[in-house]
Amino acid sequence: MAVPKRKTTPSKRNMRRSHHALEATNVVEDSTTGEIKRRHHIDLKSGTYRGKQVLDAQD
């Protein structure tokens, strides 16, 4: 079984974890309602996706 010969330094450990940060979600303003929504997702308030009604609108 492979065992490290030396302890990993905090610098090397943090360099490895530099890609682990969370990315911000991409949001846009809906063209019909003006609400903020995630891109490529259904607008839950109006129930539309790409201009077509796909769900019943929530009140």
Anchor LYS37: lysines whose Cα lies under 25 Å away (excluding residues fewer than 8 positions away in-chain): LYS45, LYS52
Surface accessible to a 1.4 Å probe, per residue, for the residues of region 1-44, Å²: 104 Å²
Gain upon complete extension [THR8, HIS41; 0.36 nm per residue less C-alpha separation]: 7.7 nm
The chain, helix-only ellipticity at 222 nm - DSSP H runs n ≥ 4, -39,500 (n - 2.57), divided by all residues, nearest 500: -3000 deg cm²/dmol
Rg(Cα) / (2.2 N^0.38 Å) computed for the chain, rounded to two decimals: 2.14
By average C-beta atoms within 10 angstrom, highest first, the peptides 31-38, 14-21, 44-51, 1-8: 44-51, 31-38, 14-21, 1-8
Rounded percent of accessible protein surface that carbon and sulfur make up, region 2-59, 1.4 Å probe: 51 percent
Label-to-label distance, nm, for residues given as ASP30 and ARG16 (7 Å Cα→Cβ offset): 4.5 nm
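The values are calculated or read from the model by the stated rules, or taken from the named source; none is laboratory data. Computed from a predicted structure; not experimentally measured. Cβ coordinates were reconstructed from backbone atoms using ideal geometry, including for glycine residues, and neighbour counts include every protein chain displayed. All accessible areas refer to the heavy atoms of the entire protein, side chains included, with ligands and DNA or RNA removed. Shrake-Rupley method; radii C 1.70, N 1.55, O 1.52, S 1.80 Å.
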